[in-house]
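The values are calculated or read from the model by the stated rules, or taken from the named source; none is laboratory data. None of the values given here were measured: they were computed from a predicted structure. Cβ placement follows ideal geometry from the backbone for every residue including glycine, while neighbour counts extend to all protein chains displayed. Note: areas computed on protein heavy atoms with side chains; ligands, DNA, RNA excluded. Shrake-Rupley method; radii C 1.70, N 1.55, O 1.52, S 1.80 Å.
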Amino acid sequence: MMKEGGTQMEPEQGAHQRAKGSGLFTYLIGGAIVLVILGAFTMFQRRAQYHALAETTEAMAIPTVAITHPTSEVAQEDLVLPGNLQAYVESPIYARTNGYLQKWYHDIGSRVPKGELLADIDTPEVDQQLSQARADLNTAQANANLSRITSTRYQDLIKTDGVSKQEVDNAVGDYEAKAAIVKSEEANVRRLEELESFKHVYAPFSGVITRRNIDTGTLINAGNGGTLQELFTLAQTDPIRVYLNVPEMYSPSVRAGLGAFLELAQYPGQTFQGKVVRTAEAIDLTSRTLLTEVDVPNKGGQLFPGGYAQVHLQVKVAASRVQVPVNALLFRAEGLRAVVVDANHKTHLRQLTIGRDYGTSLEVLQGLEPADWIVLNPADSLEDGQEVRVKQVASPDAPATPAAAPPSKAPNSNGAPGAKR
């Protein structure tokens with residue numbers, strides 16, 4: 001019975017061991033599956049992180065630029081340029097003789113006619129030289145008169161053989177030499193008389209005295225010795241000249257006889273009519289402008305030399321022009337450029353034709369339209385066709401309707417080309 005009982009328990013133990021081994025295998029398989037799932041999840045998570053990092057890096061690589069519209073200029077028919085007022089004739093007056101200023105008769109602001117006495121100079125040295133020259137002239141005339149009488153007498157005596165031929169020739173030669181000395185002394189007297197006449201300083205033309213640099217007792221030296229030796233500055237202010245630089249773009253329209261008028265800040269609402277009288281007939285290589293002169297009548301004396309005016313040239317300008325700030329320009333080896341952004345956020349380098357320089361802004365004659373978006377402070381690294389992100393900067397004269405954009409990238413709420421999110 002023991003044997004039978006032992007034989008019956010062995011199958012039960014084997015079955016129990018097999019069930020135990022099967023459960024362990026199941027646990028191992030389940031653990032492996034869990035590890036595989038965790039590994040796959042970790043791999044997918046890292047891959048998603050890599051994709052997010054790549055997208056972030058790519059997005060950060062796209063530069064963000066500030067954009068704005070060019071400013072439209074007010075439509076006008078005249079070409080308006082800044083001009084400098086100058087006297088029609090202006091001359092510094094110097095002394096032609098040495099001495100001391102005895103008296104001056106006109107001060108700054110005095111209007112004097114041509115030939116008006118301006119000042120007297122005391123010239124004692126020149127006066128003494130003139131007295132000596134006159135005395136020398138009298139001596140030379142006396143000697144020449146004596147030589148003339150001797151020469152005449154000898155010419156009469158030779159007829160009776162009272163003197164030799166040699167003596168007659170000597171007398172005639174001595175008279176001619178004394179006559180030449182007389183002429184020399186007369187020329188010296190005239191020179192000193194002319195020099196003494198410079199003690200009176202007269203106005204060479206009609207005008208206004210704009211500067212007086214001398215006073216009574218001042219030591220006067222003859223000649224142009226610089227500003228310290230300048231006695232007066234005399235200016236003719238009617239008419240008055242206005243010089244301006246016309247851009248090369250408008251130079252073919254500017255010619256002698258063209259109508260013009262001035263506007264000055266100190267005379268609001270008042271204009272001064274004039275006309276173009278001449279041009280330089282050559283373009284300045286430095287500024288690429290045509291030097292032009294406009295003459296304006298100034299009988300009332302309202303226009304002063306050295307003043308500033310806005311000059312309107314009646315050239316019938318009708319072209320559309322815009323202004324851009326100077327910080328929107330890109331200087332390249334191929335020339336001046338502006339960076340324009342289209343609706344697809346692509347950059348385009350536009351070649352510009354520049355007109356007038358307003359200091360903080362420039363006039364653009366060709367290359368831009370009022371609806372264009374231009375980049376402010378463009379980096380030198382920007383290239384044509386490069387993708388950028390945009391940030392609009394408020395423009396005081398921006399168009400109400402922005403440039404049309406395709407449906408895929410419509411303009412955002414502030415009117416700039418649709419920004420990527």
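Using the per-residue mean of other Cβ atoms lying within 10 Å as a proxy for protection, in what order, highest first, do the peptides 152-161, 249-258 fall?
Numbers: 152-161: 12.5, 249-258: 14.8.
Per-residue Cβ counts within 10 Å, averaged per peptide and sorted highest first, yield 249-258, 152-161.
Each residue of the stretch 132-143 is assigned a 3J(HN,Hα), and the resulting list reads 5, 5, 5, 5, 5, 5, 5, 4, 5, 5, 5, 5 Hz, derived from the Karplus form 6.51 cos²θ - 1.76 cosθ + 1.60 (θ = phi - 60°), x at Gly and Pro.
Under the 0.36 nm per residue contour assumption, what length would be gained going from the current alpha-carbon distance of Gln166 and Ala66 to full extension? Write out the running numbers ahead of the final one.
On the way: separation 100, 0.36 × 100 = 36.00 nm, distance 10.97 nm.
In short, 25.0 nm is gained.
Counting Lys +1, Arg +1, Asp -1, Glu -1, what net charge surrounds Glu185 among other residues with beta carbon under 13 Å of its beta carbon? Here the count lands on +2. In this simple spin-label approximation, Ser287 and Asp384 carry label points 7 Å from Cα along the Cα→Cβ vector, and these lie 3.3 nm apart.
Test of understanding: what is the full-extension gain from Val36 to Glu334, defined as 0.36 nm times their sequence separation minus their Cα-Cα distance?
So the extension gain works out to 101.1 nm.
For the pair Gln102 and Arg278 in one chain, pulling the backbone fully straight at 0.36 nm per residue adds 59.0 nm over the alpha carbon distance. Computing FRET efficiency as 1/(1 + (r/R0)^6) for Leu157 and Phe205, where r is the C-beta to C-beta distance and R0 is 51 Å, gives about 0.25.
Electrostatic bookkeeping for Asn170 treats Lys and Arg as +1 and Asp and Glu as -1; over the other residues with beta carbon under 15 Å from its beta carbon, the sum is 0.
Net charge near Gly257, counting Lys/Arg +1 and Asp/Glu -1 over other residues with Cβ under 13 Å of its Cβ?
Values: positive: Arg255, Lys275, Arg278; negative: Glu293, Asp295.
Local charge sum for Gly257: +1.
In terms of packing, defined here as the mean over residues of other Cβ atoms within 10 angstrom, the peptides 138-145, 211-218, 288-295 line up highest first as 288-295, 138-145, 211-218. Accessible area per residue was computed with a 1.4 Å probe on protein heavy atoms; Phe261 scores about 30 Å². Accessible area per residue (1.4 Å probe, heavy atoms of protein chains only) ranks Ile62, Ile283 as Ile283, Ile62, with the largest value leading. Residues of the stretch 77-115 with an amide N closer than 16 Å to a point placed 7 Å from the Cα of Asp127 along the Cα-to-Cβ direction: 97-103.
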